[in-house]
Amino acid sequence: MDAKIRNALETDFKYVSSLANQIQSLHHGFRPYFYRQNDNVMSKEYYLSMLNDKEKHSIFVLVYNNEIIGYSICNKLVFEDNPIIADSKIYLIDTMCISEKFQGKGFGTIFINEIKKYAQKEMFDIIQLNVDCKNINAISFYKKNGFDEISKKMFIRLR
């Protein structure tokens, strides 16, 4: 597979936005009472603000045959002298998406391995992410790639 990972560019917005909409649709399917059906979940202003704040965020795209087939938004968190969390640098994968038509073909593993390499090079201690418990495919993928579960979010629907 000749997939390449690179830093996202301003001109990648329409592709990243389209993939963000895929994620939103998936989440809406899991929990329509919680997630809105929205075909415009990422504004260009929000995208550009993260793209331009390299101290706090990284945005990567996965390119295959000159097509953007995936993206990831990562947040850089540093904990020092925190009363609860040990001193650490955490690389939080806020979002990771592989286009539905390219899932199950090894692209996600290529992508996550490159994110791991980047985080190690930048001296992060931990990579962390959140995944919806109904997203069984994603949970299986992350476990296969070495991630362990550390907590569960819970809620009760009142109406």
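Summary table below
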| item | result |
| --- | --- |
| So K116, is it among the charged types (D, E, K, R), closer than 24 Å to K54 by Cβ and surrounded by 14 or more Cβ atoms within 10 Å (Cβ to Cβ) | yes |
| Test: residue in segment 89-97 that is of a type outside the set (A, V, I, L, M), within 15 Å of N145 (Cβ to Cβ) and out of contact with any Gly (no Cβ under 7 Å at 6 or more places or on another chain) | yes |
| The one condition in (1) touching a Phe, Trp or Tyr at 6+ places or on another chain (Cβ under 8 Å); (2) over 21 Å from L19 (Cβ atoms) that L129 fails to fulfil | (2) |
| Segment 72-84, residues that are more than 19 Å from F147 (Cα to Cα) and of a type outside the set (S, T, N, Q) | V78, F79, E80, D81, P83, I84 |
| Checklist (1) closer than 16 Å to E100 by Cα; (2) surrounded by fewer than 12 Cβ atoms within 10 Å (Cβ to Cβ) applied to N66, failing item | (1) |
| Counted residues, segment 73-88 - those being farther than 15 Å from M123 by Cβ and loosely packed, with under 14 Cβ neighbours inside 10 Å | 6 |
| Qualifying residue in segment 61-80 (condition: under 26 Å from F13 (Cα atoms) and in contact with a Gly (Cβ under 6 Å, 6 or more places away or on another chain)) | yes |
| Output for segment 1-50, where each listed residue is touching a helix residue (DSSP H, G or I) at 6+ places or on another chain (Cβ under 7 Å), at pLDDT 95 or above and closer than 20 Å to K116 by Cα | I5, A8 |
| Subset of segment 99-158 [assigned to a loop (DSSP other than H, G, I, E, B), hydroxyl-bearing (S, T, Y) and free of Cβ contacts under 8 Å to residues at least 12 places away in the same chain] | S151 |
| Residue among I98, I69, I85 that alone is touching a Phe, Trp or Tyr at 6+ places or on another chain (Cβ under 7 Å) and either under 19 Å from K153 (Cβ atoms) or small (G, A, S) (or both) | I85 |
| Pairs where the first residue, in segment 26-53, is surrounded by 12 or more Cβ atoms within 10 Å (Cβ to Cβ) and the second is charged (D, E, K, R) and assigned to a loop (DSSP other than H, G, I, E, B), C-beta under 6 Å, 6+ apart | F30/D132; F30/K134 |
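A quick yes/no check of all residues on (1) of a type in the set (A, V, I, L, M, F, W, C); (2) in contact with a helix residue (DSSP H, G or I) (Cβ under 7 Å, 6 or more places away or on another chain); (3) modelled with pLDDT of 95 or more:
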| residue | (1), (2), (3) |
| --- | --- |
| K56 | no, no, yes |
| V61 | yes, yes, yes |
| I68 | yes, yes, yes |
| E100 | no, yes, no |
| I127 | yes, yes, yes |
| K134 | no, yes, no |
| F147 | yes, no, yes |
| F155 | yes, no, no |
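The values are calculated or read from the model by the stated rules, or taken from the named source; none is laboratory data. The structure displayed is predicted, hence computed values, not measured ones. Virtual Cβ from ideal backbone geometry, glycine too; neighbours counted across all protein chains shown.
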